[in-house]
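Written out below as structure tokens is the structure these notes cover.
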Amino acid sequence: MKLVLLGVSGAGKGTQAKNIIKRYNLEHISTGAILREHIRQKTPIGLKIRDGMDAGQLVDDDLIISIVKEIVAQPELKNGYILDGFPRTLEQAQEFNNFERIDLAVYVKVDDKIVIDRLTGRLECDTCAQMYHVKSFPPKVEGVCDHCGHKLVQREDDKAETVKERLRIFHELTDPVIDYYKQLGTLFTVSGEGDADIVTSAIIEQLDSLV
Ligand code: AMP
């Protein structure tokens with residue numbers, strides 16, 4: 001099964017992806033996580049994209065398309081995958097459609113105000129990348145990762161100004177991707193505002209009807 005997960009950062013795509021891959025034995029491909037890893041490791045790609053990403057800008061279509069093209073060609077993915085964070089522009093979606101056919105694009109829809117609240121309270125472990133939220137999912141000890149004991153930090157792109165910029169970019173560049181999949185007849189929209197388990201159940205119900 002090949003799936004695309006659409007939604008603004010903070011819609012809960014990461015959580016949904018984790019729940020769904022378990023059930024269908026899929027691989028989780030998060031383009032944001034891949035790019036952040038480049039930055040962390042200071043690779044040539046990481047050095048090139050760091051400032052733009054910190055400011056909430058998208059990386060170049062050509063770059064992200066070539067990264068995704070290489071990943072989805074890997075034989076380990078034969079059972080299928082969830083692409084989380086890609087495609088984010090119409091050009092990415094159209095180009096992707098030239099080399100891959102997905103079964104479904106799942107759009108996790110959340111009101112902008114809720115997204116702002118979720119993202120600006122989000123914390124990430126600087127070592128193992130586990131996510132937390134100051135209100136809804138706090139660590140046991142403030143500022144410390146429950147899993148590995150390392151420091152929790154706010155992602156540069158989760159600062160309030162940047163979050164607003166990311167929302168603006170999403171509506172300008174990614175809303176057309178949602179329309180694109182709607183026209184292809186492969187879009188499933190689910191509200192991401194409720195409890196994460198309820199959102200997962202709604203997605204699974206839809207996916208079960210495909211298999
Ligand atoms: P995410 O973790 O999905 O919120 O992505 C974090 C950041 O990675 C985004 O704000 C972009 O700068 C970059 N990024 C991730 N996926 C893409 C993509 N498909 N196209 C362009 N930039 C991306």
**Fill in**
P(r) over all Cα-Cα pairs of the chain, 5 Å bins from 0 to the longest distance, whole percent per bin, short to long, reads 1, 7, 15, 19, 21, 19, 12, 5, 1, 0
**Prompt:** How big is the charge dipole of the chain about its Cα centre, in debye rounded to the nearest 20, if each Lys and Arg gets +1 on its Cβ and each Asp and Glu gets -1 on its Cβ?
**Reply:** 400
**Item:** Long-range HN-HN contacts of L123 with modeled amide H, under 5 Å
**Value:** Y132, H133, V134
**Prompt:** Percent antiparallel among DSSP beta bridges with both residues in the chain, to the nearest 5?
**Reply:** 30
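With every protein chain kept in place and ligands, DNA and RNA left out, what is the accessible area per residue of the chain? Probe 1.4 Å, answer in Å². Display every interim value, and only then the final one.
Details: 11160 Å² over 211 residues.
It amounts to 53 Å² per residue over the chain.
What is the Rg over Rh value, at two decimals, for region 50-108, using alpha-carbon atoms and the Kirkwood definition of Rh? Before the final figure, lay out each step's value.
Values: Rg = 12.4 Å, Rh = 12.7 Å.
With Rh from the inverse mean 1/r over Cα pairs, Rg/Rh is 0.98.
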**3J(HN,Hα) from dihedral phi, region 139-150, Karplus parametrisation 6.51/-1.76/1.60, rounded to Hz, x for glycine, proline** = x, 5, 10, 3, x, 10, 6, 4, 7, 10, x, 8
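For region 133-208, just run the numbers: alpha carbon Rg, then divide by 2.2 N^0.38 Å, N being how many residues it has. Intermediate results must be reported in sequence, preceding the final value.
Numbers: Rg = 17.3 Å, N = 76, 2.2 N^0.38 = 11.4 Å.
So region 133-208 has a normalised radius of gyration of 1.52.
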**Item:** Given charges at Cβ of Lys, Arg, Asp, Glu: the chain dipole, positive-most of G12, L184, V141
**Value:** V141
**Fill in**
If the chain between R101 and E172 were fully extended at 0.36 nm per residue, the gain over the current Cα-Cα distance would be 23.1 nm
**Message:** Please list, in order along region 52-57, the HN-Hα scalar couplings obtained from phi with the Karplus expression 6.51 cos²θ - 1.76 cosθ + 1.60 (θ = phi - 60°), rounded to whole Hz, x for Gly and Pro.
**Reply:** x, 5, 4, 8, x, 7
**Message:** Within the chain, what whole-number % of the accessible surface is contributed by carbon and sulfur, with the 1.4 Å probe and all protein chains included in the calculation?
**Reply:** 51
**Request:** For the chain, calculate the relative contact order in percent as a whole number, restricting contacts to Cα pairs under 8 Å that are 6 or more residues apart.
**Result:** 29
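The values are calculated or read from the model by the stated rules, or taken from the named source; none is laboratory data. Quick caveat, the model's predicted, so the values are computed rather than measured. Because the Cβ atoms are built from the backbone with ideal geometry, glycine has one as well, and the counts that use them run over all protein chains shown. Ligands, DNA and RNA are stripped out before the accessible areas are found, and what is left, the full protein with its side chains, is counted by its heavy atoms. Shrake-Rupley method; radii C 1.70, N 1.55, O 1.52, S 1.80 Å.
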